[in-house]
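Structure provided below as structure tokens; questions to follow.
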Amino acid sequence: MANWSDPRTGAASFAANAAGAQSGAYDAGLRSYMLSVYNRMTSAVLLTGIVALLFAWGGSESPAASVLINGGPLAWIVMLAPLGFVMALSFGANRMRESTMNLVFWGFAVVMGLSLSTIFLQYSGTSIAGAFFATSAAFAGLSLYGYTTKRDLAPFGTFLIMGVVGLIVASLINLFLQSGPLNLIISAIGVLLFAGLTAYDTQKIKSLYFQVAGTDVAGKTAIMGALQLYLDFINMFLFILRLFGSSRN
């Protein structure tokens, strides 16, 4: 029987309680951190959707039709602006304040809405809504898997990133070929790649928390995590829409 007065027993009990308290604090901190990532990502997706809808309001008479469909220098600026924002966040994060990164992130969500507004001119509202809800359900399941699985998904990261690079090359080639079957293949592969990246990025964001918890860069990493998941969601949505969407006409 344990000796209640043995100081070693008390020390062991204290250490166990301290470890449990620390573990509980980490769990609470992780939940709060991941919630901030998901809230920011979800809000950005909604902001992008609202901006896209408003910019395309009016159909053929909308600003989207005037600027993006009819072409011109302004169309290229709108289409390439999101890439500029992503590069600014990716390569300038260390030099930016967290407040500046937040502004750039929300600016990115707005210009993405402008560049994606043409989907409301090309696809029916039913197709867009269907693709959005399908993407939301798939994203939730895949992100939950990435968050809860004990399997290390890091080995898949290189394969997935290389797949995205190949996908970009194939898409550029198909701009000239205009092949319908190739477009379907690219879209199907795109859905699978960004589905995998959703789980992979979620696990990576979770793992990164334990490296930055309590540091000054935790807020910045949350913003970058939201950006990664936002890009996974948007790309999966666009590929699903290309696969199953019906033309507006």
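How do Arg248, Arg97 rank when sorted from fewest to most other Cβ atoms within 10 Å of their own Cβ?
Fewest-to-most ranking of Arg248, Arg97: Arg97, Arg248.
Within 10 Å of each residue's Cβ, count the other Cβ atoms and sort Val164, Val45 from fewest upward.
Neighbour counts put them in this order, fewest first: Val164, Val45.
Now for a separate question. Considering the Cα positions of the chain, please state its Rg to one decimal place and its Dmax as a whole number of Å.
Looking at the chain, its Cα Rg and Dmax stand at 22.4, 85 Å.
Using a Gaussian network model on the chain with a 10 Å cutoff between Cα atoms, which of Met162, Met224, Met236 fluctuates the most?
Most flexible of the set in this elastic network: Met162.
Near the amide H of Arg248, under 5 Å away, which other amide H atoms are found, from residues 5 or more places off or on another chain, if H is placed in the peptide plane?
Here Tyr123, Ser124 satisfy the definition.
Let's test the formula: R0 of 45 Å, r as the Cβ-Cβ distance of Ala140 and Leu177. What FRET efficiency results, to the nearest 0.05?
0.80
Compute the angle between helix 7-55 and the longest alpha-carbon principal axis of the chain, please, reported from 0 to 90 degrees and rounded to the nearest 10.
10
Another one. Take the chain, connect every pair of alpha-carbon atoms lying under 10 Å apart with a spring to form a Gaussian network, then pick out the residue of Phe120, Phe91, Phe237 with the largest mean-square fluctuation.
Between Phe120, Phe91, Phe237, it is Phe91 that shows the largest mean-square fluctuation.
How far, in degrees from 0 to 90, does helix 218-244 lean away from the longest principal axis of the Cα atoms of the chain, to the nearest 10?
Roughly 40 degrees, rounded to the nearest 10.
For the chain, what does the relative contact order come out to in percent, with C-alpha contacts under 8 Å and a separation of six or more?
Working: 229 pairs, mean separation 69.2, N = 249.
The normalised contact order for the chain reaches 28 percent.
Rule-based calculations on the coordinates, nothing more; no lab input. Remember, predicted model here, so these are calculated numbers, not experimental data. With ideal geometry, Cβ positions are generated from the backbone for all residues, glycine too; neighbour counts draw on all protein chains shown.
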